[in-house]
Each structure stands twice: as structure tokens, then as C-alpha cells.
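Q: Input: one structure, supplied below.
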Amino acid sequence: MRLRIFISLFLLLFTTTASARLQILITQGVNSARPIAIVPFEWLGKGPKPVNISNIVVADLRSSGLFSPMPFDKIPSTTSTIKDIDFKKWHKLGIEEILMGEIKPTKDAGQYIITYELIDVVRGNMAQEMYDPLLLKRRGTASTEQIRRFSHRISNVVYQQLTGDRGAFLTHLAYIMDIDNDPFPYQLRISDYDGFDEKLILRSIAPIMSPAWSPDGKYLAYVSFENHKSEIYIQNVYTQKRELVSSYPRINGAPAWSPDGKKLAIVLSKDGQPEIYILNIATKALTRITRNLVIDTEPSWAPDGKSLIFTSTRGGKPQIYQVDLTTHITKRLTWEGDSNLSGSISADGKNLVMVTANKNKYMIAVQDLISGEMRTLTKSKLDKSPSISPNGSMIIYSTNYKKHQVLALVSTDGRFKAKLPTQEGEVKAVAWSPFLKI
Amino acid sequence: MKASIVLKTLLITLPILFLGACSTTADSDASKKAESTQKKSENNVETGKLGSSKLSKEEKVKKYGDAILNSTVWFNFDDATIAPKYIKSLKAHAKELVDNPKMKITVQGYTDEQGTPEYNVALSERRAKAVSKYLRSNGVGSNQIKLVSYGEEKPLNKGHTKAAHAQNRRAKIVKRI
């Protein structure tokens, strides 16, 4: 009985505290970012705007590091159709594209029709019929609850139109929070990529580690010590149903989903040393991949699912290796720095992202897998858990900032940097979701 | 005491979409856990009655020396070698475990925050194993020892200084009831 009271109390608390905790704070911008103007969307209804779409799109495009949206107070006149645009004026201001739109209420309360246009200033300024300045025009409907998501979708459309790459603004982050004075100090949470709409997935009195997204973005695999040992669980983030999938003696760790979502690469030390295994999720059958007397850990799948990369101390210090799952031929990938750990390959197969250690400084680095060239992207001391955005343009990781563990972003080219500070606790073990199909 | 047991075993998953629908699941999970805890604590009382291994702290010190009071071994960075100064304590624990074959322990391994969480789990296991290996070479049965590797989780000192790091690189012997 007492238990029940406890639980309902916590549930209540949870519903009231789920709000944006992480906030993107840009610490290093890019000079050459593309100038774009997002004109505040015109609200055609009565009363206050349902959600400020333009603010969300501005924040999205800015945090990609590729765009430099014009501050709202510098935007000359608020026009909402292409006909009223003074292209000469915009061109003089150095703006290359303009996004404008309107939000119209429908007969149903809380339902809106959103129309937007992306306009090419350079073409418009030429004022020739063969160059249509209208790059795209879209219309969609969204409810009050969907409108933030709809705004991220607009950002995706603009990003793709102007860069040729898919935008990653409709994605989630999963991360672990440690909150000292909470009765459940270890918490697995997810939020939108920008820290908004934070949800609690699991809280525990014992450590939780290594969250990993399934390729469809519906499940998280993670390690929990709730039974006084490490065990691997899979949890559906929409239904909260969870399944214990690995509870062998000693280490059960570092789960990584295969690209087809049917297998997990995991680390088990049941046979003595930490070794890489592949676990078939449906049958629970195990295939052992590594076999030696050193540490093998941190498996991660190549995008084609045909090989695994992992960290091994077989050469002395930890370095990153790649094993072909058919031939079992293993090759070493990293040669620079004292050691390299926690590797993963970008979806296009071009970049190996990792933690590189030099004189006890742990920093995020990226290695071009074709040329072999390696670049260190960060300058801090305790960077870890790098996770690549599904479009490969950004890396999120955890770092120490003002004596706390916080999340941070760096673009894969190293030019753009941001931190995501929080109001309480330590944030770590971050994992960027795949593209969401919602 | 009871409340702390309840707290310690309480672990609930929270719904992402339907709070109401899921609270029942969380309820039932937690009560199941509470039941099993109660059964366990009844067992604890019974084993207590046998009393074979229940020496007071003073009696223990008399039998195994002061060294038995230390149950933690500290390590150098990225290393799992037991320094000679811990041998006396480990020998005392080994003797107690040999004297009480029913006594069971967990050796918990830990690292500092340097490195990556998953690599640190592996490193902390090497530390726990080093302690376990030493105890077994002194006659302790392998069935008496369990290993748990926490890596950089649960630091003794949450600071980020070199001193804090040194404090956190450890393996600890914990009695299992």
C-alpha cells in the first residue's frame, strides 16, 4: 500500500517536471555560414500565435552550423507573399534566400493550415522570367501538439533544398542523467534533438549505461545495474514495454543494433575476458566474434552491416579495429594518438568518429576512411560517447563544463560548436536517434 | 530500514505517451519486487540464526588483525596491479572466507572518469579480477566470489581533480548476505 502511494506520487511529479532542460548554446559559429532570412510567419487567426514557427526554424538552421539566419529585428519589412518582395533591398543586405509563411486557423479548434515559401533572392534580383525566384511552396496541417514537429519539418525541407542533404531536425536524443538528490538518481531520458519535449524513459536506484537506438527509432537498448549486476534491456520508447535480453555472469555491456534491427553486438565477459558477441534478439542465440586475452569492447556496426568496428587492447593501448563478419579478418583502423576508443562510422561510410587520447586528454576526432587523415575536433579533456547525427553533419558527445558533465555539439568539419547545458545534474551517454518516420 | 529496502528495490519505467495506462504496469512491477524483497529478508534472518560467520567487529579484528577492516584496493591509472601494501588486508579477507566457506562476497571494480564508459567497465573488471584471483590463490572458493564491474559509475569522489581520480580507481570487497 505504502508502495502504491510512493509510485503515484512520483508519477505526478514526473508529469509536472517534463519540460525542456537542455538548451543549445553556440560557443563557436561559422563565418562563412549561408545568410538566410526567416520572416516571422504571419498569424491569420485571433489571439496569440499557437507556436512561434519562425523561432524554431531559425534555431534549427543556426544549430546546423551551415546557416546564419538574420536577426528578426534586422529584417526590413514583414511581407508574407512573394509579390511584395523588394529583391534589390534584400540583395543589398546580403541575404541569399528568404523563408516566409502564414498560419491559418481552421474550423476545428487547435488545427492550423500552414503555408510557406522559400525564395531565392539572387534569382529574384535578376528579374527575368526564366529564373523563377520561388524555390518551393508547401502547405500542411498541424494540431497545436504537432506544430513544433511541423516546424522542424519545415527546417528539414529548407535544409535539404539548399544543401542537398537530408536535415536531421526531426530526431531524438537519448541520454543518462545523474541527479544526486533524487530518490532515483539514475535516469534515462529522451528529448527532441534541440532538448525540447524531454521524457523520462526509466529511472533507477542503480546506474544505467550505454543507451542505443534501434534503426527504426522505436526501441532503446541499454545496460542497467538494477539487479546488482550489469544486464542488457530493450525498451519500446512508445509503450514502455521492456525485455531483458542479456544477463550472463559478469559484464553484459555496450549494446549496438545491427542496421537491420535484428541483432545486437554486445560485450560479454562470461568466458573470462570482455569479448564481442552478436546476439540474435528473437532467438537469443549468441555468436562469438573475438577470442583473445585482452579487452575487446565498444562494438559498432559498419553501415552495410557486414563488419563491426570495436576497441581492443591487442596492440597494447586501446585502438580501433574492424572485423569482417564473413571472413573474420581483422584490421587496425587507427594509428595516431596514444589511444583511440568508442569508434563509429557515419551513415555514408566515409567518416570514423571516435575519442582520441593524447597525454590523458580525451577529445573527439574524425578520421577520413578513404584518405586515412585524422582530425581532432575538440579541445577539452574529458570528451566521451560521441554519436553522429543520422545525416552525418554533426556529432553530439558528453564533456566536462564548469565541473559538470554536459552534452555538446560539434560539426563533423569541426567549425561549429555548441554546448547543451542543463539546470541540474550530470548529463552523459548520449545517443542520436535515426531519422524519425513521423 | 524497511523504507530504504523498498526504495532500493523500487525501479519503475515511465510511460512516454500514456501515463494513465502505464501506471498500472509500474505498480505491479514494483509490488512484485517488494514481495521478493520481503521473502529475501526473512531468509536473511534465518541465516543470521546459524551465526557461523557472525563475528562482531572486535572479534574479527582479534581473529584476523586490523587489516580485515580495509576492504578496498586502489590502483594506478589504466592499471590493475595490486600494490604490495594491500596484501595484508587481502590475506585477512582470504582467511576469513576460507574459515567460512558459506560466506560469499562481491568484488566491485571501479575506474576514474578518464576514458570511455564502456572501456572503463572492462578496465574495472580487470581490477575486480585481480582481487578475486589473489583471494582464490589463497584458498577462497570461486563459488564464494562474484564480480561486478561498474566502470566509472558510482565514484567515491565526484570531483574532477587528480586526487579525486585516484580515489575512484578501486576494487572493493563487499559481503553478500
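The values are calculated or read from the model by the stated rules, or taken from the named source; none is laboratory data. None of the values given here were measured: they were computed from a predicted structure. Note that we place each Cβ from the backbone using ideal geometry, even for glycine, and neighbour counts take in every protein chain shown. Side chains are part of the model used for accessible areas, which takes the heavy atoms of the whole protein and leaves out ligands, DNA and RNA. Shrake-Rupley method; radii C 1.70, N 1.55, O 1.52, S 1.80 Å.
Q: Run the quick spin-label model on A:ARG314 and A:HIS404: label points 7 Å from Cα toward the beta carbon, then report their separation in nm to one decimal.
A: So the two model labels end up 4.2 nm from each other.
Q: State the Cα centre-to-centre distance between the stretch A:385-437 and the stretch A:163-212 in whole Å.
A: One Cα centre to the other: 11 Å.
Q: First measure r as the distance between the Cβ atoms of A:ALA127 and A:LEU93, then evaluate 1/(1 + (r/R0)^6) with R0 = 25 Å and state the FRET efficiency to the nearest 0.05. Intermediate results must be reported in sequence, preceding the final value.
A: Details: r = 17 Å, r/R0 = 0.69.
E between A:ALA127 and A:LEU93, to the nearest 0.05, is 0.90.
Q: Provide, in order from the shortest bin, the percent of all Cα-Cα pairs of the stretch A:283-376 in each 10 Å bin, continuing until the bin that contains the maximum pair distance.
A: Final binned percentages: 16, 50, 28, 5, 0.
Q: Gap in Å between the Cα centre of the stretch A:320-346 and the Cα centre of the stretch A:251-305?
A: Result: 15 Å between the Cα centres.
Q: Could you work out the relative contact order of the stretch A:76-138? I mean the mean sequence separation of Cα pairs under 8 Å and 6+ apart, divided by the number of residues, in percent.
A: Value for the stretch A:76-138: 30 percent.
Q: Can you tell me which of A:LEU369, A:LEU382, A:LEU325 moves the most in a GNM of chain A? Springs connect C-alpha atoms under 10 Å apart.
A: With Cα springs under 10 Å in chain A, the top fluctuation among A:LEU369, A:LEU382, A:LEU325 is at A:LEU325.
Q: When the C-alpha atoms of the stretch A:170-232 are aligned to their principal axes, what extent does each axis show, in angstrom, from largest down?
A: Principal extents (largest minus smallest coordinate, Cα): 36, 25, 12 Å.
Q: Quick one: Debye curve from the C-alpha atoms of the protein assembly as shown, no solvent, what's log10 I(q)/I(0) at q = 0.08, 0.11, 0.12 Å⁻¹?
A: The calculated log intensity ratios at q = 0.08, 0.11, 0.12 Å⁻¹ are -0.64, -1.10, -1.26.
Q: Have a look at A:ASN252, A:ASN292, A:ASN52 and tell me which one the Gaussian network model of chain A (Cα, springs below 10 Å) gives the largest fluctuation.
A: With Cα springs under 10 Å in chain A, the top fluctuation among A:ASN252, A:ASN292, A:ASN52 is at A:ASN292.
Q: Name the residue, out of A:GLN367, A:GLN405, A:GLN160, whose mean-square fluctuation peaks in a Gaussian network model built on chain A with Cα pairs under 10 Å.
A: A:GLN160
Q: Compute the length gained on full extension between A:TRP335 and A:ILE205: take 0.36 nm times their separation in residues and subtract their Cα-Cα distance, giving the result in nm to one decimal.
A: That pair, A:TRP335 and A:ILE205, stretches by 42.8 nm at full extension.
Q: For chain A, calculate the relative contact order in percent as a whole number, restricting contacts to Cα pairs under 8 Å that are 6 or more residues apart.
A: About 13 percent, as a whole number.
Q: Can you work out the PRE-style zone for A:GLN160? Point 7 Å along Cα to Cβ, and I want the residues of the stretch A:41-82 with backbone N under 20 Å.
A: Hits in the stretch A:41-82 for A:GLN160 at 20 Å: A:54, A:56-67.
Q: Can you give the net charge of the other residues whose Cβ lies under 13 Å from the Cβ of A:SER210, counting K and R as +1 and D and E as -1?
A: Here the count lands on -3.
Q: Return the carbon/sulfur percentage of the accessible area of the stretch A:31-163, one whole number, probe 1.4 Å, all protein chains in place.
A: Carbon and sulfur together cover 48 percent of it.
Q: Round to the nearest 0.05 the FRET efficiency obtained for A:ILE26 and B:ARG136 when R0 = 45 Å and r is the Cβ-Cβ distance. Intermediate values should be presented prior to the final figure.
A: Working: r = 55 Å, r/R0 = 1.22.
In this case the efficiency is close to 0.25.
Q: Another question, if that's okay. Give me the accessible area buried between chains B and A, both sides summed, with a 1.4 Å probe, in Å² rounded to the nearest 100.
A: 5000
Q: Please compute, over every Cα-Cα pair in the stretch A:31-163, the percentage with a separation greater than 21 angstrom.
A: Counting every Cα pair in the stretch A:31-163, those more than 21 Å apart make up 39 percent.
Q: Same structure again: How much accessible area per residue does the stretch A:31-163 have, in Å², with a 1.4 Å probe?
A: Working: 6990 Å² over 133 residues.
Spelled out: the 1.4 Å probe surface of the stretch A:31-163, per residue, equals 53 Å².
Q: Is it possible to state the helix-based mean residue ellipticity at 222 nm for chain A, with each DSSP H run of 4+ residues giving -39500 (n - 2.57), the sum divided by total residues, to the nearest 500 deg cm²/dmol? What is it? Walk me through the intermediate numbers first.
A: Numbers: 5 runs with 56 residues, N = 438.
One gets -4000 deg cm²/dmol as the mean residue ellipticity at 222 nm.
Q: Return the distance in nm (one decimal) between the two label points of a simple spin-label model at A:LYS437 and A:LYS359, each offset 7 Å from Cα along Cα→Cβ.
A: So the label points at A:LYS437 and A:LYS359 sit 5.0 nm apart.
Q: Between A:ASP348 and A:SER77, what FRET efficiency comes out of the Förster formula 1/(1 + (r/R0)^6) with R0 = 51 Å and r the beta carbon distance, rounded to 0.05?
A: Between A:SER77 and A:ASP348 the formula returns 0.80.
Q: Turning to a different aspect of this structure: Roughly how many debye, to the nearest 20, is the charge dipole of the protein assembly as shown about its Cα centre, given +1 on each Lys and Arg Cβ, -1 on each Asp and Glu Cβ, and no other charges?
A: On the way: 87 positive and 60 negative charges, 496 e Å.
Taking the Cα centre of the protein assembly as shown as origin, the dipole is about 2380 debye.
Q: What number, in percent, do you get for the relative contact order of the stretch A:138-238 if the mean sequence gap of Cα pairs under 8 Å and at least 6 apart is divided by its residue count?
A: In percent, rounded to a whole number, it is 15.
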